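These notes concern the structure reproduced below.
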Amino acid sequence: MIEILNPAELERARRAGALVGDILQSLRGRSAVGTNLLEIDRWAKAMIEEAGAESCYVDYAPSFGRGPFGHHICTGVNDAVLHGRPRDYWLADGDLLTLDLAVSVDGIAADAAVSFVVGEARPAESLAMIEATERALDAGIAAALPGNRIGDISHAIGSVLSAAGYPINIEFGGHGIGSTMHQDPHVANTGRPGRGYRLRPGLLLALEPWIMADTDELVVDDDGWTLRSATGCRTAHSEHTIAITEGGAEILTLPTRR
Ligand code: MF3
Ligand code: CO
């Protein structure tokens, strides 16, 4: 089902998005060498509850997971790229951490992810991968104009990732979002321009380019959730929820404070 939000619902989406952006920014600031992934999960839970919002993850039990997820945020380290289930692990200098968070406010959800390097180390490959997913996300957002099609977004994202030299996995990508976290349409991270659903004001999309350094194959952990690169290589992921408006895309999941 594809949802088109009315102005009152869009206002709730803005509040959900701002909360996701602010929580991710705060968690990014607190994630340091020696931080445990389970601590990050506790901080996320506290901030969601404090704001009176609801976690989209804790009870989430899709067909692909050995659900329910049971945590409030995804924490992927290095080769873990999607659905990283928080576990008892202390971050080390140079770890590439991906945080992915979705919450709903008064029944409307927003979803975003950020990758960054922990500590003082500056591993060049990791920084290049993060930058590539961020540029791909920007390109996808720029293509998200009313009247354009989903394929235009996919093409814009895929062109950046391919030009940067990364293989692209098409099993998981972006998605519609609204009264639930995952909705149609699917937004693959590569595709042909001019194809697919036509974008219209009121449509909410989560765009999420993600890459693995040298493979397009995933393997799943024994926890039934965490998806890792099949080769053990590093990975990166950047995601925003956007609203299609008459004037173009409005990014909903930016932090509101510095
Ligand atoms: N937020 C992820 C996405 O971008 C989904 C995570 S589902 C979880 O689609 F339950 F595993 F957290
Ligand atoms: Co998402």
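Yes/no per residue for (1) in contact with a Ser or Thr (Cβ under 9 Å, 6 or more places away or on another chain); (2) closer than 19 Å to GLU131 by Cβ; (3) modelled with pLDDT under 95:
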position	(1), (2), (3)
HIS175	no, no, no
THR180	yes, no, no
ASP184	no, no, no
GLY194	no, no, no
LEU199	no, no, no
ALA206	yes, no, no
ASP214	yes, yes, no
LEU218	yes, no, no
GLU246	no, no, no
Restricting to region 176-200, give me the number of residues that are over 17 Å from ALA139 (Cβ atoms) and either open to solvent by less than 50 Å² (accessible area, probe 1.4 Å) or aliphatic (A, V, I, L, M) (or both). 6
The lone exception for ARG149 - which of (1) within 11 Å of ligand 1 (Cβ to nearest atom); (2) out of contact with any helix residue (DSSP H, G or I) (no Cβ under 8 Å at 6 or more places or on another chain); (3) of a type outside the set (S, T, N, Q) it fails: (1)
Within region 85-107, the residues that are open to solvent by less than 20 Å² (accessible area, probe 1.4 Å) and small (Gly, Ala, Ser) are GLY94, ALA102
Would you mind stating whether ILE23 is within 16 Å of ligand 2 (Cβ to nearest atom) and hydrophobic (A, V, I, L, M, F, W, C)? yes
How many residues does region 179-193 hold that are within 13 Å of ligand 1 (Cβ to nearest atom) and assigned to a strand (DSSP E or B)? 3
Search region 52-68 for residues being within 10 Å of VAL103 (Cβ to Cβ) and of a type in the set (Ser, Thr, Tyr), and hand back the single one that is nearest to ligand 1 (Cβ to nearest atom). TYR57
Open to solvent by less than 20 Å² (accessible area, probe 1.4 Å) and either part of a strand (DSSP E or B) or under 17 Å from PRO255 (Cα atoms) (or both), is that true of ILE48? yes
Counting only residues that are out of contact with any Phe, Trp or Tyr (no Cβ under 9 Å at 6 or more places or on another chain), open to solvent by less than 50 Å² (accessible area, probe 1.4 Å) and hydrophobic (A, V, I, L, M, F, W, C), region 13-43 contains a total of 8
What pairs come out if I take residues in region 36-52 that are within 16 Å of GLY84 (Cβ to Cβ) and pair them with residues that are of a type in the set (Asp, Glu) and assigned to a loop (DSSP other than H, G, I, E, B) whose C-beta lies under 7 Å away, six or more apart or interchain? ASN36/ASP88; LEU38/ASP88
Here's a check for you: in region 55-64, which residue that is modelled with pLDDT of 95 or more and either under 17 Å from the mean Cα position of the chain (by Cα) or open to solvent by less than 30 Å² (accessible area, probe 1.4 Å) (or both) is nearest to ASP111 (Cα to Cα)? CYS56
Every residue in region 126-142 that is over 23 Å from ALA230 (Cα atoms), surrounded by fewer than 22 Cβ atoms within 10 Å (Cβ to Cβ) and among the small types (Gly, Ala, Ser), please. ALA139, ALA142
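The values are calculated or read from the model by the stated rules, or taken from the named source; none is laboratory data. This structure is a prediction, so every number in the text was calculated from the model and none was measured. Positions of Cβ are generated from backbone atoms using ideal geometry, with glycine treated the same way; all protein chains shown enter the neighbour counts. SASA here: full protein model, heavy atoms, side chains in, ligands and nucleic acids out. Shrake-Rupley method; radii C 1.70, N 1.55, O 1.52, S 1.80 Å.
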